[in-house]
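Peer 1: The structure's right below; bear with me while I get my questions together.
The values are calculated or read from the model by the stated rules, or taken from the named source; none is laboratory data. Just so you know, these numbers come straight off a predicted model, no measurement behind them. FYI the Cβ positions are ideal-geometry reconstructions off the backbone, even for glycines, and counts take in every protein chain you see.
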Amino acid sequence: MGEVTTEMIMVYAIKRGLLLTDFNVMSIGMILDYIDHYDRLHGIKEEDGKQANQLDFNAF
């Protein structure tokens, strides 16, 4: 997949129910936590089979 982009994180979050207005009041950490918790709750696996690592977060 390559690096994780802001647009990709936004798409993942919106697909999981966040609204664009939520991005004004949530930090990137809160958004990533939301995505993670949503996926765990709903049994969603990584979309591309790759789990983000520290290099991905640094690139972001």
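Peer 1: Of everything in the stretch 2-19 that's without any contact (Cβ under 8 Å) to a residue 12 or more places away in the chain and under 17 Å from residue 58 (Cβ atoms), which residue is surrounded by the fewest Cβ atoms within 10 Å (Cβ to Cβ)?
Peer 2: 2
Peer 1: Can you pull out the residues in the stretch 16-32 that are more than 15 Å from residue 6 (Cα to Cα) and either part of a helix (DSSP H, G or I) or among the β-branched types (Val, Ile, Thr) (or both)?
Peer 2: Once the filter is applied, which keeps residues that are more than 15 Å from residue 6 (Cα to Cα) and either part of a helix (DSSP H, G or I) or among the β-branched types (Val, Ile, Thr) (or both), the stretch 16-32 yields 21, 25.
Peer 1: Out of 22, 36, report the one residue that is within 24 Å of residue 58 (Cβ to Cβ), surrounded by fewer than 16 Cβ atoms within 10 Å (Cβ to Cβ) and not hydroxyl-bearing (Ser, Thr, Tyr).
Peer 2: Values: 22 fails: within 24 Å of residue 58 (Cβ to Cβ).
When all the criteria are applied, what remains is 36.
Peer 1: While we're looking at this one, here's another question. Quick one: how many residues across the stretch 32-52 are farther than 15 Å from residue 17 by Cβ and at pLDDT 90 or above?
Peer 2: Step one: of the stretch 32-52, the residues farther than 15 Å from residue 17 by Cβ are 43, 45-52.
Still in the list and also at pLDDT 90 or above: none.
Qualifying residue count, the stretch 32-52: 0.
Peer 1: Looking at the stretch 1-15 only, could you name the residues that are of a type in the set (D, E, K, R) and in a loop (DSSP other than H, G, I, E, B)?
Peer 2: 3
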